[in-house]
Amino acid sequence: MSELILKTEKLTKVYNMGKRKVTAISGLDLQISKGEFVAIMGPSGSGKTTLLNVLGCLDKPTGGTLLLDKVNVSELHEKKLCEIRRNKIGFVFQTFNLLPYLNAKENVELPMECTKRSKSEREKRARELLAMVGLSGREEHRPQKLSAGEQQRVAIARALANDPAIVLADEPTGNLDSQNKYEIVRLLGNLNITKGTTIVMVTHDSQIASQSERVLLLSDGKIMKEKQGLHLVKKKLMCPYCGSRIQLSDVRCPSCRKRL
Amino acid sequence: MGKRFTLTWDKFGSNSEKLFNRSRIFGQFKRIWIVKDVGALRRAAKNFSRRKMRGLMVIIALGFSMAIMISIPAGIMANQEATQHLTENFNSTITSMQEEINKTATLIECRTSGRSMSSGMPMGMPPFGQEERFINETVIADIASMDGIKDIVRFLEQSSEETTSETISEPGGRTFTISRPLYTIMGVSLNSSLISGYSILPANITAGRNLCDGDSRVLIMSSNLSDYLGLQVGDKIEVYGESFTVVGICEVSRQGRMETRVVYMSIFDAQTITGNSGNVSRLDIYAEDVSDVDVIADYIEAVYPELYVTTYQDRLESLSSMQTMYSTTLENAESTLAQTQSLATQEIIVVIAATSLIILFVMLYTVRERTREIGTLKALGFSNWNIMSQFMLEGILISLVAGVAGIAIGSLGAPFLSSLLLPHVSLFGGSSSGGFRPGFGSTNPVVIGSETAAATLSLPLVLLAFGAAVLLGALGSLYPAWRAAKIKPAEAMRYE
Ligand SMILES: Nc1ncnc2c1ncn2[C@@H]1O[C@H](COP(=O)(O)OP(=O)(O)OP(=O)(O)O)[C@@H](O)[C@H]1O
Ligand SMILES: [Mg+2]
């Protein structure tokens, strides 16, 4: 087994709503290795978003430990957490959350603004990242000029800006039509294969979830079930349905014509 | 693929830790202020221009309060200047009068009426229905026979036949119409030794020549009269039915709020044309010595009680009463100025509070509206300080733009705004006396009404306004920016 990038032990998150306490995560144990592509599924209110926020240091757990790259994050202060968010984590949201008054390139540059990179380096990298998600030529376009799928691509490029150790995506396909859904999940899968980026993706859609290599089923703040996805086979550049060789650029399997 | 990954990983390892520590002090500062805030500034500017209508309204509202903020000191400064100007005016008037009085220590003035052209308005008396009196040659001969008299200079002052009606406006805004003679005829002795010895003729000839011994049927006139009549040197003019040639134009000092129009001619001509042979209306009697003045004056007052006699002593007294009047006036001016200043201070405090409140609410609204954006920025690794400085910068930017608008509004509207907000500086403690006219001898009196102080913007004031804009922007956005920085990212992402 390869190196662990993320490990939780008895992770708990309890919200205090006045007298009533809402346990969003209750004693959750989870291990994710470097280079994994994990999907989290579960009914509404099962704690998926809460888990992702805690894993991404946007929220603090109320109990248990969280080791992010062997650093015990649950003990760190806000200032350190902010540095971890900046350097180790990339967020992708259901609603894209691009800044509407900045163009695609400027949005991608945002996370690099607090780093040592020079302005020209930042611009160069933003162009590269946009090209990687298939948006070269659209650098100067503002979000309202881009389709939903294109906006999510910009958001993915932005999440990758500081070369994060892990990308956390909360329902990245939730606001997209089926055509765009598959394109986005394929993009994430390809990034996982080519760049080795660790990806944790929350989704309601079992079709989308099955495109990952490990699917976790969350219920009442605990992991109830775990199963393998199709991505594991795809990583060996084989069609998960018929086993024939495929290329990363293939949208459909050349032999069985199934959507990849 | 693996290689790249390891390389990336090392960034977070021991290597980067060392680097980070070394650059902590310099780097942190540089990162926050230089590298980061260029982007923050650009974002602030973009954000500002995003909501054009709202931005415009905020700018106008802020611009007005900024304009008020700079107009009030401008108004105060103008009032101070006016008061200072007044003081200087007073002082120079008093000084020149003093000099004049000292020069004519031996002069005894005798008049047939209490007021004359040279003592201000109204001129060209006598009032209707009152017999006009003169000093005749018998009286002159009697006075001349006294000991200690050096010279006697005769004057005959008469009104022109023509009259004009004029509209006068008081500083308080009232206007009224008066009818007065078109000009005053001054008949003067053209004896060459008297002309050279005393200041009988006007000193300020602007065209042609002055009068001289032996002149007849010629006159010089004040420039205001020549302008009024459209006459030049060499032209003819009819006075009491007789033809005169204009040989010179002189400048007369302004007296009162109406200018005196005057012609100077030989006293014989004046006596002849007005049918007053042997009559004079004023005598300037020069004593041999200052010690003789009292004796001569006492004698004239005793023997000719109908004559108005003024001596050096009288003039000194009137000067000192004038000084008293001046100083009361100045005290009044200064006390109203002090009141104005305290009112201005209050007003400025109110405006500053209002300005920072506007910024406060606008920025609070912005922060609320952009909660999700703040959450996103935090998720992307922006620190609390980054967020805070971003919003502070926006607040300062708004108030700076408002400062420019304020200076624009203020430079056009400063006089209006300051007169709207500050009491009119009255020099007479509120009594609308319409100003007083210190009149004495032939010195030039100043017109003292309520000085109108026009507020104008100066460069230091404009710089001050920009300083205030930055300060108020920072002040007003401090709390909203702090609120923004304190937003919890997880909750911000839930916020709709
Ligand atoms: N800030 C909060 N305060 C109180 N309760 C909260 C808060 N955030 C989440 N919860 C509660 O925690 C539980 C888990 O919420 P969470 O948003 O993680 O669910 P989810 O699995 O993401 O649901 P969905 O699929 O609808 O997005 C819910 O019962 C929710 O009401
Ligand atoms: Mg959710």
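The values are calculated or read from the model by the stated rules, or taken from the named source; none is laboratory data. The structure presented is a predicted model; accordingly, all values stated were derived computationally and were not measured. Please note: Cβ atoms are built from the backbone with ideal geometry, for glycine as well, and neighbour counts cover all protein chains shown.
Applying the set (1) modelled with pLDDT of 95 or more; (2) over 16 Å from the mean Cα position of the chain (by Cα) to A:Phe91 leaves exactly one unmet item: (2).
Residues in the stretch A:229-253 that are surrounded by fewer than 13 Cβ atoms within 10 Å (Cβ to Cβ) and of a type outside the set (A, V, I, L, M, F, W, C) were compared, and the one that is farthest from A:Leu188 (Cα to Cα) is A:Ser244.
Kindly indicate whether B:Phe64 is in contact (Cβ under 8 Å) with a residue 40 or more places away in the chain, in a helix (DSSP H, G or I) and closer than 30 Å to B:Gly395 by Cβ.
yes
Can you find even one residue in the stretch B:321-333 that is closer than 22 Å to B:Ser113 by Cβ and within 33 Å of the chain's Cα centre (by Cα)? Yes; the residues of the stretch B:321-333 include at least one that is closer than 22 Å to B:Ser113 by Cβ and within 33 Å of the chain's Cα centre (by Cα).
Checking each residue in the stretch A:151-175 for being free of Cβ contacts under 8 Å to residues at least 24 places away in the same chain and either buried (at least 22 other Cβ atoms within 10 Å of the Cβ) or within 16 Å of ligand 1 (Cβ to nearest atom) (or both) picks out no residue at all.
Pairs are defined by a Cβ separation below 7 Å, a sequence spacing of at least 6 or placement on different chains, a first member in the stretch B:474-496 that is of a type in the set (Phe, Trp, Tyr), and a second member that is in a helix (DSSP H, G or I); the pairs so defined are B:Tyr479/B:Leu360; B:Trp482/B:Met388; B:Tyr495/B:Thr371; B:Tyr495/B:Arg372. For the stretch A:68-85, the criterion of a residue being under 19 Å from the mean Cα position of the chain (by Cα) and within 16 Å of ligand 1 (Cβ to nearest atom) is satisfied by no position.
Would you mind finding the one in A:Ile199, A:Ile184, A:Ile223 that is surrounded by 15 or more Cβ atoms within 10 Å (Cβ to Cβ), aliphatic (A, V, I, L, M), within 16 Å of ligand 1 (Cβ to nearest atom) and farther than 18 Å from A:Arg257 by Cα? Testing whether each residue is surrounded by 15 or more Cβ atoms within 10 Å (Cβ to Cβ), aliphatic (A, V, I, L, M), within 16 Å of ligand 1 (Cβ to nearest atom) and farther than 18 Å from A:Arg257 by Cα leaves just A:Ile223. Considering each of A:Arg158, A:Arg214 in turn, give the residue that is touching a His at 6+ places or on another chain (Cβ under 9 Å), of a type in the set (Lys, Arg) and at pLDDT 90 or above. Exactly one residue qualifies, and that residue is A:Arg214.
Reported count of residues in the stretch B:348-363, each being surrounded by fewer than 17 Cβ atoms within 10 Å (Cβ to Cβ) and either farther than 19 Å from B:Ile59 by Cα or more than 33 Å from the chain's Cα centre (by Cα) (or both), is 3. Give B:Val290, B:Val295, B:Val262, B:Val303 a once-over and let me know the one that is more than 35 Å from the chain's Cα centre (by Cα) and within 30 Å of B:Asp213 (Cβ to Cβ). Only one candidate qualifies: B:Val290. Within the stretch A:137-155, restricting attention to residues that are of a type in the set (Lys, Arg) and assigned to a loop (DSSP other than H, G, I, E, B), which residue is nearest to the other protein chains (Cβ to nearest Cβ)? It comes out as A:Arg142. The set of residues in the stretch A:197-236 being in contact with a helix residue (DSSP H, G or I) (Cβ under 8 Å, 6 or more places away or on another chain), away from ligand 2 (no atom under 16 Å from the Cβ) and within 14 Å of chain B (Cβ to nearest Cβ) consists of A:Thr197, A:Thr198, A:Ile199, A:Lys235. A count restricted to the stretch B:463-494 and to residues that are out of contact with any helix residue (DSSP H, G or I) (no Cβ under 6 Å at 6 or more places or on another chain) and away from ligand 1 (no atom under 16 Å from the Cβ) stands at 8.
So that you can scan it fast, the table gives a plain yes or no per residue for (1) of a type outside the set (A, V, I, L, M, F, W, C); (2) within 16 Å of ligand 1 (Cβ to nearest atom); (3) part of a strand (DSSP E or B):
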residue: A:Glu9; (1), (2), (3): yes, no, yes
residue: A:Lys13; (1), (2), (3): yes, yes, yes
residue: A:Ser26; (1), (2), (3): yes, yes, yes
residue: A:Ile32; (1), (2), (3): no, no, yes
residue: A:Val38; (1), (2), (3): no, yes, yes
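With respect to A:Glu123, is the statement that it is in a helix (DSSP H, G or I), more than 10 Å from chain B (Cβ to nearest Cβ) and within 25 Å of A:Ala148 (Cα to Cα) true?
yes
Looking across the stretch A:46-95, the residues that are under 16 Å from A:Ile5 (Cα atoms), within 11 Å of another protein chain (Cβ to nearest Cβ) and surrounded by fewer than 20 Cβ atoms within 10 Å (Cβ to Cβ) come down to A:Asp69, A:Lys70, A:Val71, A:Asn87. Please verify whether B:Ile143 is more than 14 Å from chain A (Cβ to nearest Cβ), surrounded by 20 or more Cβ atoms within 10 Å (Cβ to Cβ) and modelled with pLDDT under 85, treating the condition exactly as stated. Criteria not met by B:Ile143.
Tallying residues that are among the hydrophobic types (A, V, I, L, M, F, W, C) and more than 16 Å from ligand 1 (Cβ to nearest atom) within the stretch A:40-65 yields 0.
Restricted to strands (runs of 3 or more DSSP E) entirely inside the stretch B:133-208, those with at least 1 residues that are in contact with a Cys (Cβ under 8 Å, 6 or more places away or on another chain) are B:205-208.
Against the list (1) buried (at least 21 other Cβ atoms within 10 Å of the Cβ); (2) under 30 Å from B:Thr106 (Cα atoms); (3) polar (S, T, N, Q); (4) at pLDDT 90 or above, the condition B:Ser226 fails is (2).
Looking at A:Ile32 and the list (1) at pLDDT 95 or above; (2) within 16 Å of ligand 2 (Cβ to nearest atom); (3) more than 10 Å from chain B (Cβ to nearest Cβ), which single condition is not satisfied? Every condition holds for A:Ile32 apart from (2). For the condition in contact with a Ser or Thr (Cβ under 8 Å, 6 or more places away or on another chain) and part of a helix (DSSP H, G or I), B:Leu337 qualifies.
Condition test on A:Gly134, is it modelled with pLDDT under 95 and more than 14 Å from chain B (Cβ to nearest Cβ)? Yes.
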